[in-house]
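All of the numbers you see were taken from the coordinates with simple rules; none came from a lab. Note that the structure is a prediction, hence the values are computed from the model and not measured. Don't worry about glycine lacking a Cβ; one is built from the backbone with ideal geometry, like all the others, and counts go over all protein chains shown.
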Amino acid sequence: MSTLNIQSFESNPPVYKMFIDGQWVESVGGGTFESYNPATERAIGHLQLGTREDAVRAIHAARAAAEKFRETSPWERAELLKRIAAVIAKRQDELAFFLTMDQGKPYHSEAVFEIRNMVKTFEEASEQIKWLESAVIPVEDKNKRVISIRQPRGVYAIVTPWNFPFMIPTEYLSAGLAAGNTLVWVPAPTTSICAVKLAECLEEAGLPQGVVNLVTGRGDVVGDEIVSNSGTDAIGFTGSTATGKQIAIRGAGKPLLLELGGNGPTIVLKDADLELAARSIAGGCFDNAGQVCSSTERILADHRIYDELLDKLVAHAKKIRVGDPFHRDTTMGPLNNGQVVEKNRAHADDALAKGARLLTGGKPLKGLGSSLFFAPTVIADLTLDSLYHTEESFGPVAPVFPFETNEEALRIALDNRWGLVNSVFTTNLKDAVHFAEKLRAGVVNINDNSNYWEPHLPFGGASGKASGLGRIGGKYSIMEMSDLKTITLDLR
């Protein structure tokens, strides 16, 4: 574990700068905002309150660097990505410390793994770009030859959330750099210290001037500027569906890669292995305190195994150790901010008012040094008009709905605006394939929770749903963040 001391940050919070055109700079407006440790609610740093002028300055820097960087070969970009991965690996203990302090996830059980996935993602992108072949296309005219190549889109506007403040930016930065783009990045305000630390790694790895620019501040100011400004060519965003819609409007006409909200159900059929299902579902509900777009936020259980599954989920919930995220025994830390706490309180209250049974949790925990700790929750007998069914909770909750038949389960699952990740637990291969093909989601996991994913797998929402556009993950991100150009040659 890092030898950094959290008390030193809380007693004398440092001032962090933005990274624009290869330089660490202050906001032209002179303003700052505070970042807080969610486990103590004490200030741990002062960030630059970026202005629209700062965002424009960053766009100009990215635009100036774009032409030279797009001319680099895939092998040159691969070497850069390898150097970035090496720096992150060298600094992994320090980065995990800042992740826990800034975001709140447990150091030993979660933060260190997020950093390792960052290293893996940059390393894999360095290989994927070298072997991302395009096509020679057969055509009718015997005198023609047609080929396709991939080229950078140009300057990318990237806006990222607070729940995985290292890994989600890594998904965009690794692919964006691999494809030859330059980037302007606005991170979530509540975890902007993590963003500064990642920018330090990029600088240490020898990132060319202006290729990645970090602007901190309010999303509706600097985030809006980079997505709407004509100086950016494309947009990448992970976050809420509501914000994603606004970004799509403000960036109308630009290529969009949007990974948005989810509330996809996990379906437990009558023949499921309940030990496996309960253990796996508990992870999907409570990992990262449920603050994952793919979290298991709706559980549909066959009425014949309903009570047994509930008992097992309650047992798993009660084993969770909530507390100081730096303590080795802690398995769940605080929620990141007060808005998420209030949403989870409201969802529980709404369900109880509509006749649900609260089996454990359902409220904030007191006496832990912060108002942001929330009890792991299992709640049963939910109705389809409850907020747990219609909205994304983004908290540590296992809401369980009963169903009578497989047809009813599928009908309930499809009656929803979300389409990110679904899961199905069954030992029947025919049922597994049936549900996998019928469910309207970008990802369907069989006999694993909805959070299962590896960085090279395609991840994103289904068409016509509210969970986004395009695919994040490995070569799929690189393809999303590059233009496919067709070149025809006349040999006559």
Quiz item: Counting alpha carbon pairs within less than 8 Å and at least 6 residues apart, what relative contact order, in whole percent, applies to the stretch 1-142?
Solution: 23 percent
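Could you work out the relative contact order of the stretch 264-347, using alpha carbon pairs under 8 angstrom and six or more residues apart, expressed as a whole percent?
Numbers: 83 pairs, mean separation 24.6, N = 84.
Computed over the stretch 264-347, the figure is 29 percent.
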Exercise. Amide H neighbours of L183 under 5 Å, at least 5 residues apart or on other chains, H built in the peptide plane: list them.
Key: Y156, V212, N213
Quiz item: If you place +1 on the Cβ of every Lys and Arg and -1 on the Cβ of every Asp and Glu, how big does the dipole about the Cα centre of the stretch 265-454 come out, in debye to the nearest 20?
Solution: 480 debye
Practice problem: Quote the charge dipole size of the chain about the Cα centre in Debye, to the nearest 20; the model charges only the Cβ of Lys and Arg (+1) and of Asp and Glu (-1). | Solution: 640 debye
Quiz item: Where nothing but the Cβ of Lys and Arg (+1) and of Asp and Glu (-1) is charged, how large is the charge dipole of the stretch 326-435 around its Cα centre, in debye to the nearest 20?
Solution: 440 debye
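Taking a 20 Å limit on the Cα-Cα distance, which of the listed pairs K245/K465; K144/K485; K17/K68 fall beyond it?
Numbers: K245/K465 12 Å; K144/K485 16 Å; K17/K68 26 Å.
Going by Cα-Cα distance, K17/K68 fall outside the 20 Å limit.
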Exercise. Quick one: net charge around N143, please, counting Lys, Arg +1 and Asp, Glu -1 for every other residue with C-beta under 11 Å from its C-beta.
Key: +1
Practice problem: Multiply the residue separation of F113 and I137 by 0.36 nm, subtract the distance between their alpha-carbon atoms, and state the gained length in nm to one decimal. | Solution: 4.4 nm
Quiz prompt | Dipole of the chain, positive end: most advanced residue of L414, F237, L256 [Cβ charges, Cα centre] | solution = L256
Practice problem: Search the structure for amide H atoms under 5 Å from the amide H of I20, placed 1.01 Å from N in the peptide plane, and list their residues when 5 or more places away or on another chain. | Solution: V25, L214
Quiz prompt | Qualifying aspartates and glutamates (Cα of each under 18 Å from Cα of K312; at least 8 residues distant if same chain) | solution = D271, D273, E275, D287, E297, D302, D381, D448
Exercise. Identify the GluC sites (Glu not before Pro) of the stretch 1-96 meeting these criteria: DSSP loop state and at most 16 other C-beta atoms within 10 Å of the C-beta.
Key: E26, E41, E71
Quiz prompt | Difference of contour (0.36 nm per residue) and Cα-Cα distance, K90 to K485 | solution = 138.4 nm
Quiz item: Which of the lysines could a cross-linker bridge to K142, judged by Cα under 16 Å and excluding same-chain residues fewer than eight apart?
Solution: none
Self-check item: lysines whose Cα lies under 21 Å from that of K120, excluding same-chain neighbours fewer than 8 positions away
Solution: K82, K90, K105, K130, K197, K475
Exercise. Give, in nm to one decimal, the length gained when the segment between K68 and K430 is fully stretched (0.36 nm per residue of separation minus the Cα-Cα distance).
Key: 125.0 nm
Quiz item: Along the charge dipole of the chain, which of T383, G395, V87 sits closest to the positive end, that is, farthest toward it, with unit charges on the beta carbon of Lys, Arg, Asp and Glu (+1, +1, -1, -1)?
Solution: V87
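Quick check on the chain: of the DSSP beta bridges with both residues there, what percent are antiparallel, nearest 5%? List each step's numbers first, then the result.
Working: 28 of 64 bridges.
Antiparallel bridges make up about 45 percent of those DSSP assigns within the chain.
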Quiz item: Taking the Cβ of G362 as the center, what net charge do the other residues with Cβ under 9 Å away carry, scoring Lys and Arg +1 and Asp and Glu -1?
Solution: +1
Practice problem: Could you please state, rounded to a whole Å, how far the C-alpha centre of the stretch 3-75 is from the C-alpha centre of the stretch 256-333? | Solution: 35 Å
Practice problem: Of the listed values (i) 84, 66, 40; (ii) 79, 53, 39; (iii) 70, 69, 37, grab the one calculated as Cα extents along the principal axes in Å from the structure here. | Solution: (iii)
